[in-house]
Amino acid sequence: MRILGIDPGTATTGFGIIEEKSKFSYAVHDFGTISTPPEHTDSQRLHTIHSNTSEIIANYNPDCIAIEKLYFFRNTTTVITVAQARGVVLLAGEQHGADIHEFTPLQIKQALTGYGKAPKEQMKQMVQHTLKLPSLPKPDDAADGLAVALCRAQSNVELEALKKSKG
């Protein structure tokens, strides 16, 4: 199963594409960021995020897309712009007929580290370890995209185990 993980943001959207080779064994196809210039208007930034996400989906043809859900922000301006970025990513996925899954930051941290309040450095180390990367994935937004994809892969393992136990 090929999974595209997305960590949405207006300035920087992180992504990671992994393939589940076997239970707890993954191959990394790509990871990186979609960056938008700060001098662009909101609509220009959203267009860039949408078109680049669509291109990534078309190039890698993932079986599913995992995207980080919003959680409470103190800054309402930030939450609105991140929600807009999430919206265009969801739209791109829907336009490509993707199977879309959403996870909170707590769920992602729990899946990777077993602790829902794990610090960012621990998350990057777990992504590196799980994916057998030679170094910590950079930048942080790309590492987060990989973490979202791994969360989806881990939830798939849990679902299969649950199906077998009810079998």
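Just so it is clear, none of the values below were taken in a lab; they were calculated from the coordinates. None of the values given here were measured: they were computed from a predicted structure. For neighbour counting, all protein chains shown are included, and Cβ atoms are generated from backbone atoms with ideal geometry for every residue, glycine included.
Worth pointing out:
- Cross-link pairs exceeding 21 Å in C-alpha to C-alpha distance, out of Lys23/Lys69; Lys109/Lys138; Lys23/Lys132, comprise Lys23/Lys69.
- Förster radius 30 Å - calculated FRET efficiency between Tyr71 and Ser51, Cβ distance, rounded to 0.05: 0.65
- Rounded, prolate or oblate (a/c below 1.5 giving rounded, otherwise prolate when a/b exceeds b/c) for segment 111-152 by Cα gyration tensor: rounded
- Cα gyration tensor shape for segment 25-80, rounded if a/c is under 1.5, else prolate or oblate: oblate
- Charge context of Ala27, other residues only, Cβ under 11 angstrom, K/R +1, D/E -1: 0
- For Tyr115, net neighbour charge (Lys/Arg +1, Asp/Glu -1) across residues whose Cβ lies under 15 Å away: +3
- A helix-only calculation puts the chain at -17500 deg cm²/dmol for mean residue ellipticity at 222 nm, using -39500 (n - 2.57) for each DSSP H run of at least four residues, averaged over all residues.
- Among beta bridges identified by DSSP and lying wholly in segment 2-166, the antiparallel ones come to about 65 percent.
- Environment charge at Asp140 (Cβ cut-off 15 Å; Lys +1, Arg +1, Asp -1, Glu -1): -1
- Dipole of the chain computed with +1 at Lys/Arg Cβ and -1 at Asp/Glu Cβ about the Cα centre; of Cys64, Val82, Ala92, farthest Cα towards the positive end is Cys64.
- Order by protection proxy (mean Cβ within 10 Å, highest first), peptides 126-132, 20-26, 62-68, 41-47: 62-68, 126-132, 41-47, 20-26
- Relative contact order of the chain: 31 percent, from C-alpha pairs under 8 Å at least 6 residues apart in sequence.
- Of the peptides 89-96, 111-118, the ranking by mean beta-carbon count within 10 Å, highest at the top, reads 89-96, 111-118.
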